[in-house]
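Student: The structure is given below, and queries will be raised subsequently.
Derivation of every value follows stated rules applied to the coordinates shown; laboratory data play no part. None of these values were measured; they are calculated from a predicted model. No Cβ is skipped: glycine too gets one built from the backbone with ideal geometry, and neighbour counts run over all protein chains shown.
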Amino acid sequence: MSAVIDPVEVSVRQTFRYGEPELVHLRRRDRILGRAIDRIGMIERAVIPDLFTALLHAVVCQQVSLQAATAIWTRLQDQIGPITPERIAAASPEDLRRCGLSTRKTEYVRGIGEAVLRGEPDLSALRDLPDEEVIERLSAIRGVGRWTAEMLLIFSMERPDVVSWGDLGIRRGMAMLYGLESVDRSQFERYRARYSPHGSVASLYLWAVSKERRQPLDRA
């Protein structure tokens, strides 16, 4: 699965916060990534601070293009108004499908609204938990897997050290960056450890690299 990098506009637009300390670390640890950072420059990627809104947005974005996700999300807001657990749980399946959601995603979205209303999980409590526990609790919700939870960690909670093996764009960016045909799990883990503790910033650049045309590797 590949991440939707630019969440659609919400009421207050914020971007993933990072700066020179993170970039200095990544340049020192990985010269090839450092050259990509210098070439690409600063990256602005929108985040959605409200955890419920971000969770619904991540589910909407699963396995669809950015254009389709944006259209569905816009229709969803037009149809039900502010994205809250109460409004989502109360929406009829027909209303949600009219927004462009599949039957299965309609079930997921309504189920997430109902689960959050029951406190399963308590989203407010997630902010104090380590990454793996956040992933475990979110993955217990039907329709939410590890990839979706990892995207929430980055694009809502702004956790600093998330590099998703399950994201095709991340693996494609790694392969392109290092001149490889593909990246196996052992290579992925080696690079991920190299980027730590600023893996989320590295992820932003790997997504950017994945969108570039493949070029000969500069090993200088």
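Student: State the Kirkwood hydrodynamic radius of the chain in Å, one decimal place, computed from all pairs of distinct Cα atoms.
Tutor: 18.2
Student: Further, regarding this structure: From the Cα trace of region 145-219, what convex hull volume per residue do you get, rounded to a whole Å³?
Tutor: So the per-residue hull volume is 87 Å³.
Student: Output the 0 to 90 degree angle, nearest 10, between the alpha-carbon long axis of helix 66-80 and the longest principal axis computed from the alpha carbons of the chain.
Tutor: Long axis of 66-80 versus the principal axis of the chain: about 30 degrees.
Student: Continuing with the same structure: In whole angstrom, note down how far apart the Cα centers of region 163-205 and region 33-93 are.
Tutor: Going from one Cα centre to the other spans 23 Å.
Student: May I ask for the net charge around Tyr108, where only other residues with Cβ less than 12 Å from the Cβ of Tyr108 are counted and Lys, Arg are +1 while Asp, Glu are -1?
Tutor: Within the 12 Å Cβ shell, the charges total +2.
Student: Okay, next question. With no solvent and one point on each alpha carbon, what is the Debye value of log10 I(q)/I(0) for region 50-155 at q = 0.10, 0.15 Å⁻¹?
Tutor: Here log10 of I(q) over I(0) equals -0.25, -0.56.
Student: For a quick check: with amide H placed at 1.01 Å from N, whose amide H comes under 5 Å from Val47's, ignoring anything fewer than 5 positions away on the same chain?
Tutor: Distant-sequence amide H within range of Val47: Gln14, Thr15, Phe16.
Student: Sequence gap at least 6, Cα distance under 8 Å: using those rules, report the relative contact order of region 50-155 to the nearest whole percent.
Tutor: Relative contact order for region 50-155 comes out at 30 percent.
Student: What relative contact order, as a whole-number percentage, does the chain give when Cα pairs under 8 Å and 6 or more residues apart are counted? Present the calculation step by step, with values, prior to reporting the outcome.
Tutor: On the way: 279 pairs, mean separation 54.8, N = 220.
About 25 percent, as a whole number.
Student: When the scattering of region 105-185 is computed by the Debye formula from its Cα atoms alone, each counted once and equally, what is log10 I(q)/I(0) at q = 0.22, 0.26 Å⁻¹?
Tutor: -1.02, -1.24
Student: In addition: Round to the nearest 10 and give me the degree value, 0 to 90, for the angle of helix 146-155's Cα axis relative to the longest principal axis of the chain.
Tutor: 80
Student: Also, I was wondering about something else. Can you give me the angle between helix 103-117 and the longest principal axis of the chain, using Cα atoms only, in degrees from 0 to 90, rounded to the nearest 10?
Tutor: 80
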